[in-house]
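Notes follow the structure.
The values are calculated or read from the model by the stated rules, or taken from the named source; none is laboratory data. As the structure is a computational prediction, the values presented were derived from the model and not from experiment. Counting neighbours? That spans all protein chains shown, and the Cβs are built from the backbone with ideal geometry, glycine included. Just so you know, the surface numbers come from the protein's heavy atoms only, side chains and all, with ligands and any DNA or RNA stripped out. Shrake-Rupley method; radii C 1.70, N 1.55, O 1.52, S 1.80 Å.
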Amino acid sequence: GQQLNQSPQSMFIQEGEDVSMNCTSSSIFNTWLWYKQDPGEGPVLLIALYKAGELTSNGRLTAQFGITRKDSFLNISASIPSDVGIYFCAGWYNNNDMRFGAGTRLTVKP
Amino acid sequence: DTGVSQDPRHKITKRGQNVTFRCDPISEHNRLYWYRQTLGQGPEFLTYFQNEAQLEKSRLLSDRFSAERPKGSFSTLEIQRTEQGDSAMYLCASSSGVGYTFGSGTRLTVV
């Protein structure tokens, strides 16, 4: 089946630092999405990427859709305490389902 | 509130009991999805509805699981004869295109 490998599994950073995480797949996806999940809540969409090479920003967040369509990265600049949470990449396999990575758990120390 | 609502937020049940969860999607969204999430993992696809039609079911959805969306609005997910391995967060999402809006989930604990 479709497998998404997300790294790193966890990150501990100081407030103000930049963060980078990525996601790779054994298969091609048509769309890549990045979600953030807070404890006890559902994932919230941060950024959606629709074509290979696309670079999209949302405030301090920047994400790119890899040229091979098998990978994507998410950068967070100048991290703040409310960035704490679990970040998931997701690949849109077809119109009917979306596959998620296992997540990157981000901890920001003030 | 125009988000996706799930009820209950938490459910503790004894092994062997049946449970039913409800999801109210965003009203103008015709697609509704159920996912399951266990600790330390991303959400895993269970099933998908377009309006009232259930169009796809994952192999994760055993015979003990059934989902309905009778009028193309709210949906229910029932688990019969619950097992401890069913303990997880059950997430509902709705969409009218790319990018889902998730509810807050129902956390099921089977004891």
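For this structure, a couple of remarks:
- Simple label model, 7 Å out from Cα along Cβ direction - A:Asp18 to A:Asp38, nm: 2.7 nm
- Computed FRET value (nearest 0.05) for B:Asp7 with A:Ile67, which takes r as the C-beta separation and R₀ as 30 Å: 0.10
- The slack in the chain from B:Leu39 to B:Lys57, taken as 0.36 nm per residue of separation less the alpha-carbon distance, amounts to 4.3 nm.
- The ratio of the alpha-carbon radius of gyration of chain B to the globular-protein estimate 2.2 N^0.38 Å is 0.99.
- Interface size B-A, as summed buried accessible area [1.4 Å probe, Å², nearest 100]: 1600 Å²
- Anchor B:Lys57: lysines whose Cα lies under 21 Å away (excluding residues fewer than 8 positions away in-chain): B:Lys71
- Cys residues of the protein assembly as shown that find no other Cys beta carbon under 4.7 Å: none at all.
- Only aspartates and glutamates eight or more places from A:Lys109 in sequence, or on another chain, were considered; those with a Cα closer than 20 Å are A:Glu15, A:Glu17, A:Asp18, A:Asp38, A:Asp83.
- The Kirkwood hydrodynamic radius of chain A, based on inverse pair distances between different Cα atoms, is 13.8 Å.
- Shape class of the protein assembly as shown from the alpha-carbon gyration tensor: prolate, with a/c at 1.5 or above and a/b greater than b/c.
- Solvent-accessible area assigned to carbon and sulfur over the protein assembly as shown amounts to 46 percent, based on a 1.4 Å probe.
- Interface residues in region A:15-45 - accessible area drops by 40 Å² or more relative to the isolated chain, probe 1.4 Å: A:Gly40, A:Glu41, A:Pro43
- Put a dot 7 Å past the Cα of B:Val111, heading toward its Cβ, do the same for B:Asn30, and the two dots end up 4.5 nm apart.
- A:Lys109-B:Glu68 pseudo-label distance in nm [points 7 Å out on the Cα-to-Cβ vector]: 5.4 nm
- Hits among lysines - C-alpha to C-alpha of A:Lys51 under 17 Å, sequence gap 8 or more where chains match: A:Lys70
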